[in-house]
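Please read the structure below before turning to the comments.
The values are calculated or read from the model by the stated rules, or taken from the named source; none is laboratory data. Being a predicted model, the structure only gives us computed values, none of them experimental. Note: ideal-geometry Cβ built from the backbone for every residue, glycine included; neighbour counts use all protein chains shown. Just the protein is used for accessible areas: all its heavy atoms, side chains included, with ligands, DNA and RNA removed. Shrake-Rupley method; radii C 1.70, N 1.55, O 1.52, S 1.80 Å.
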Amino acid sequence: MFKQYELRNFKLKLVIFVYAITILGILVIGSAKSEYQSQQILGMALGSAAMLLFALTDYRMILNCYWLIYIFNLLLLLLVRIPGMGKEVNGAKRWLDLGFMQFQPSELTKLLLILFFARFFAKYKDQINSWKTILISGILLLIPLYLVKEQPDLSTTITIVFVFCVLIFIGGLSYKIIGTTAAILIPSALIFINMIMQEGQEILDDYQLKRIMAWLNPAEYADDAYQQQNSIIAIGSGQLYGKGLYNNDISSVKNGNFIVEPQTDFIFAVTGEELGFIGCAAVIILLALIVLECLWIGRNAREKEGMIICCGFGGLIAFQSLINICVATGLMPNTGIPLPFVSYGLTSLIMLYMGIGIVLNVGLQPRKY
């Protein structure tokens, strides 16, 4: 299980970047909603233990159980649907109550599917461009994807689809298939957008359509657009240096409770208001450095599986960061995706630390030239 690793291969920079942005997130969460700060500190402690464990555990041994990982993931997603086990919050049934914390299986699904498909695509790398392999992998994706969507959790569903695209591309999907798929999906997406804009459409849930319409026409859908509009105001009001953490400024958007749940999806708005442009830039730079470190480790991975894991996990962090920041700044409709390492959420934070641990283990076993 544990091997002798050379200390010079340990990517200390990645760990420093992760702790730096996590501590920054804890400070901002404490300013946004102080009652959640201690829980996030607990999440960092549990995540650190998980990161150390996975950093020292040979990732190939974990991947040997890839079918068990897949089945375990499905069981977790099914537990949420069982009456009395799944916990419903704001109309969504996504959580399991563990007593000391609420566990969200769909967050762990992101990492477990990266591990599963890393072994799957590496094992069938010579057949990855056959329609049979593509079809089988698509079916294997759709099963957990359906369970996540029905919670309902559209934002996580979209994230998983994006990560799958990264995984299959790194796995060796040919550009010819990518081009053909793009030629089909682009016009299909335009048709889809036109269909959901029609009155009486039944493709999207009512709340999902309202979020899109509120983004396109905030004046007409003011009740649904106020969250994003207030987020933009908060970020802009912070200017260069911000108003300071834990401030009592009466003009603060956060202090006036104009941002609902500021510790989660709109944590970037609090960062912008209280730490200004400098704080926002620090968050973006740290996230970019973490992603680049993951990609660099993947580039030097000893095996295909390691490369797919690192690129997939780096893609996950990059995608979630981009979407969250775009939502907070009004560049995209509100989707409810957390900002990695910064937003409050124990399951999300622990999952991210587990992923970093696996990436570190890949880095401890570099390619030998």
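Starting from the Cα-Cα distance between Cys165 and Leu142, subtract it from 0.36 nm times their residue separation and give me the gain in nm to one decimal.
7.0 nm
Tell me which lysines have Cα within less than 25 Å of Lys243's Cα, excluding those fewer than 8 residues away on the same chain?
Reachable lysines: Lys33, Lys254.
Can you tell me how much longer the chain between Ala282 and Lys13 gets when fully stretched, taken as 0.36 nm per residue apart minus their C-alpha distance, in nm with one decimal?
Here the answer is 95.3 nm.
Please turn the phi angles of segment 152-169 into ³J(HN,Hα) values with the Karplus equation 6.51 cos²θ - 1.76 cosθ + 1.60 (θ = phi - 60°), one per residue in order, whole Hz, x for glycine and proline.
Couplings: x, 8, 5, 5, 5, 4, 5, 4, 5, 4, 4, 4, 4, 4, 5, 4, 6, 5 Hz.
For Leu349, Leu52, give me the order by solvent-accessible area with a 1.4 Å probe, most accessible first, ignoring ligands, DNA and RNA.
Leu52, Leu349
Within segment 243-345, which chymotrypsin sites (Phe, Trp or Tyr not before Pro) sit in a loop by DSSP and count at most 14 neighbouring Cβ atoms inside 10 Å?
Sparse-neighbourhood loop chymotrypsin sites (Phe, Trp or Tyr not before Pro): Tyr246.
May I ask you to evaluate 6.51 cos²θ - 1.76 cosθ + 1.60, the Karplus curve with θ = phi - 60°, for each residue of segment 43-48 and list the ³J(HN,Hα) values in order in whole Hz, giving x for glycine and proline?
x, 5, 5, 5, x, 4
Quick one: what does P(r) look like for segment 129-287 with 5 Å bins over all Cα pairs, in whole %?
Each 5 Å bin holds this share of Cα pairs: 2, 7, 11, 13, 14, 13, 13, 12, 8, 4, 2, 0, 0.
Any idea how far apart Lys125 and Asn217 come out in nm if each label point goes 7 Å out from Cα toward Cβ?
5.2
Kindly count the pairs of lysines across segment 54-171 whose alpha carbons are less than 18 Å apart, treating pairs on different chains or eight or more residues apart as eligible.
Details: Lys87/Lys149; Lys93/Lys110; Lys93/Lys149; Lys110/Lys149; Lys123/Lys132.
So the count works out to 5.
Set the Förster distance to 25 Å, then compute FRET efficiency between Gln102 and Asn64 from the Cβ-Cβ distance, nearest 0.05. If you can, show how the numbers build up before the last one.
Working: r = 31 Å, r/R0 = 1.25.
Taking R0 as 25 Å, the efficiency between Gln102 and Asn64 is 0.20.
From the phi angles alone, apply the Karplus equation (6.51, -1.76, 1.60; θ = phi - 60°) to segment 239-247 and give each ³J(HN,Hα) in whole Hz, x where the residue is Gly or Pro.
For segment 239-247, the Karplus-derived couplings read 6, 7, 9, x, 8, x, 5, 6, 6 Hz, x marking Gly and Pro.
Which percent of the accessible heavy-atom area of the chain goes to carbon and sulfur, probe 1.4 angstrom?
67
For Ile82, put the label point 7 Å out on the Cα→Cβ axis and report which residues of segment 123-157 keep their amide N under 20 Å from it.
Zone members listed by number: 144-152.
Given the -39500 (n - 2.57) contribution per DSSP H run of 4+ residues, what per-residue ellipticity at 222 nm results for the chain, rounded to the nearest 500 deg cm²/dmol? Working shown, then result.
Values: 13 runs with 243 residues, N = 369.
The helix-only estimate for the chain comes to -22500 deg cm²/dmol at 222 nm.
In 10 Å bins starting at 0, how do the alpha-carbon pair distances of segment 245-361 split up by percent?
All Cα pairs considered, the percentages come to 13, 40, 30, 13, 4, 0.
Give the longest segment of the chain that steers clear of GluC sites (Glu not before Pro) in DSSP loops with at most 15 neighbouring Cβ atoms within 10 Å, not counting the sites themselves.
In the chain, the maximal stretch lacking such sites is 221-369.
Under 8 Å for C-alpha pairs, at least 6 residues apart: give me the relative contact order for segment 168-295, rounded to a whole percent. Intermediate values should be presented prior to the final figure.
Details: 103 pairs, mean separation 24.7, N = 128.
Reported as a whole number, the value is 19 percent.
Compute the relative contact order of the chain as a whole-number percentage, counting only Cα pairs closer than 8 Å that sit 6 or more residues apart in sequence.
About 29 percent, as a whole number.
Rounded to the nearest 0.05, what FRET efficiency do Thr57 and Ser188 give with R0 = 41 Å and r taken as the Cβ-Cβ distance? Could you check?
Working: r = 42 Å, r/R0 = 1.02.
The calculated FRET efficiency here is 0.45.
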